[in-house]
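The values are calculated or read from the model by the stated rules, or taken from the named source; none is laboratory data. Here the structure is a predicted model, which means the values were calculated and not measured. Glycine also receives a Cβ, built like all others from the backbone with ideal geometry; neighbour counts cover every protein chain displayed.
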Ligand SMILES: [Zn+2]
């Protein structure tokens, strides 16, 4: 009998569901809008209806192992509660795991969306050859995830890997988390748009001001057309990422760091600044640099082990596949495998 799991990517805009086999083979993918405005009960009902349809299709020939759900925001791993989610305002302190388990009679595992993306890239994407990796997801905010020994590193209460809130400017821009100068305030799509507005307020970019709809994508388009202000913004993005990555490389000495999320498509514009910072700031990187620049460094490469910093491969599917992967990693037996 076919064993499969279901991954759910519960975003503020899209609700995506995938049935995935043991080898990561996609069996089915459903994309729905997330009816956030209609309330959480409606979102959960739509989600459960879609999963029921998948289960019905595979009844008699497939066994559903479990359901993994990636949720943006702060979640509590051991209780399966959403503590707080900016994209899902009425989900505060909502026991979504129990709610869905009760409705579907199938085991549910809740995970932070960036952790799910890390697991997806580790399973089937850029980091599939390594057991230890970290991801930075650059979207509206900056998420982070850490996978050690093939599993998500949760820390004490599930909040490990908040790399987006590491300080890069001690007296910098105020972040939504309360701190000043977080990576998120310099490397997210929101930050790119803010920096573009600041550049225009300074009267510096006539080209950008002609673009009515500000978006990080528009700023990127300007950068690749050679607009100096736009290029400067992406150099700042890369510098902030490089500062944080230097600390992560020094602290963790992992073989791979993956940059994902929508802003990662601007890789060409910001990545040179990442590598410049890494070479300047991290002695662990210097010792494991895959392409040493020839500059004199305190620490010369000493081993054949290399630190790779690279783009994500799965795009927006990383979190979806990662969520599906959760069911295969969990050690417990499914509560109700026979009913699946
Ligand atoms: Zn912050």
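Pairs meeting the criteria (first residue in the stretch 229-246 and without any contact (Cβ under 8 Å) to a residue 60 or more places away in the chain and on the phi > 0 side of the Ramachandran plot, second residue in a helix (DSSP H, G or I) and crowded, with 24+ Cβ neighbours inside 10 Å, beta carbons under 8 Å, at least 6 apart or on different chains) are lacking. For the stretch 174-182, the criterion of being closer than 17 Å to residue 242 by Cα, buried (at least 20 other Cβ atoms within 10 Å of the Cβ) and under 14 Å from the mean Cα position of the chain (by Cα) is satisfied by no residue at all. Can you tell me which residues in the stretch 64-99 are free of Cβ contacts under 8 Å to residues at least 12 places away in the same chain and part of a loop (DSSP other than H, G, I, E, B)? Listed by number, the list holds a single entry, 92. Note on the stretch 111-218: enclosed helices (runs of 4 or more DSSP H) holding 2 or more residues that are within 13 Å of the ligand (Cβ to nearest atom) and at pLDDT below 95 are 189-201. Number of residues in the stretch 227-258 that are within 26 Å of residue 150 (Cβ to Cβ) and either out of contact with any helix residue (DSSP H, G or I) (no Cβ under 7 Å at 6 or more places or on another chain) or outside any strand (DSSP E or B) (or both) equals 14. Among the residues of the stretch 274-291, the ones that are under 24 Å from the mean Cα position of the chain (by Cα) and surrounded by 19 or more Cβ atoms within 10 Å (Cβ to Cβ) come to 5 in all.
For the stretch 6-47, residues that are surrounded by fewer than 17 Cβ atoms within 10 Å (Cβ to Cβ) and in a helix (DSSP H, G or I) total 5.
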